[in-house]
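Just below is one structure, and these are the notes that go with it.
The values are calculated or read from the model by the stated rules, or taken from the named source; none is laboratory data. These figures come from a predicted structure and were not determined experimentally. Heads up, the Cβs are rebuilt from the backbone with ideal geometry, glycines too, and the neighbour counts pull from every protein chain shown.
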Amino acid sequence: MNTSLADENCEPCRGGVAPLGGAELAQLTAELGPGWRVLAERKLERRFEFADFAQALAFANAIGALADAQGHHPDLLVRWGSLTVTLWTHTIDGLARADFVLAAKIERLSRSGR
C-alpha cells in the first residue's frame with residue numbers, strides 16, 4: 001500500500017469536476033493493495049472477513065469514527081463474518097481522490113489489528 005495516500009486528508013469534492021477514470025483509477029487502485037476493486041468506474045469496494053458478527057461490527061465502528069473525522073462517509077454493510085465497504089463521491093456520481101485516500105486509511109486500519 002502506498003503510505004502517502006493514507007497520510008493525506010480527504011479533501012471534499014464540491015462537484016464541477018469529472019470523476020476519475022481509466023489509467024488513473026487503475027493506478028490508485030493498485031496503490032491500495034489486494035482486495036479493493038472498482039465497480040463500473042463508479043464505486044470502490046472491499047469486503048473484509050471476520051470470525052463473527054461482533055468483530056465485523058467493531059471494525060465498522062472504527063471505520064465510522066475514522067470516516068467522521070475525515071468528513072467522508074462510506075456505505076458499510078455489516079453481516080455475520082464480514083463487512084463490505086463501498087466508497088464513491090455522491091456530488092460527481094463517481095470516484096474522486098478522496099475515495100482512495102479514505103480507502104487507504106481503512107486499509108491501514110485493517111492492518112493495525114482492527
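Applying the criterion of being over 8 Å from the mean Cα position of the chain (by Cα) and in a helix (DSSP H, G or I) to the residues of region 79-106, the residue that is surrounded by the most Cβ atoms within 10 Å (Cβ to Cβ) is A98.
Residue-wise test of (1) of a type in the set (A, V, I, L, M); (2) modelled with pLDDT of 95 or more; (3) out of contact with any Ser or Thr (no Cβ under 8 Å at 6 or more places or on another chain).
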site	(1), (2), (3)
V17	yes, no, yes
A30	yes, no, yes
K43	no, yes, no
A60	yes, yes, yes
L76	yes, yes, no
L83	yes, yes, yes
H90	no, no, yes
R111	no, no, yes
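When S82 is tested against the conditions (1) out of contact with any Lys or Arg (no Cβ under 6 Å at 6 or more places or on another chain); (2) among the polar types (S, T, N, Q); (3) free of Cβ contacts under 8 Å to residues at least 60 places away in the same chain, the lone failure is (1). Checked against the criterion of being touching a strand residue (DSSP E or B) at 6+ places or on another chain (Cβ under 7 Å), over 19 Å from H90 (Cα atoms), of a type in the set (A, V, I, L, M, F, W, C) and not in a loop (DSSP other than H, G, I, E, B), the candidates A26, A60, A6, A65 yield just one match: A60.
Would you check which residues across region 68-78 are touching a residue at least 12 places away in the same chain (Cβ under 8 Å), assigned to a strand (DSSP E or B) and more than 12 Å from the chain's Cα centre (by Cα) and list them? Selection gives V78 alone. Taking the stated definitions as given, is A51 within 17 Å of S110 (Cα to Cα) and surrounded by 12 or more Cβ atoms within 10 Å (Cβ to Cβ)? Taking the combined requirement at face value, the residue does not satisfy it. When residues in region 77-114 are screened for being over 18 Å from V38 (Cβ atoms) and in contact with a strand residue (DSSP E or B) (Cβ under 7 Å, 6 or more places away or on another chain), 4 of them pass.
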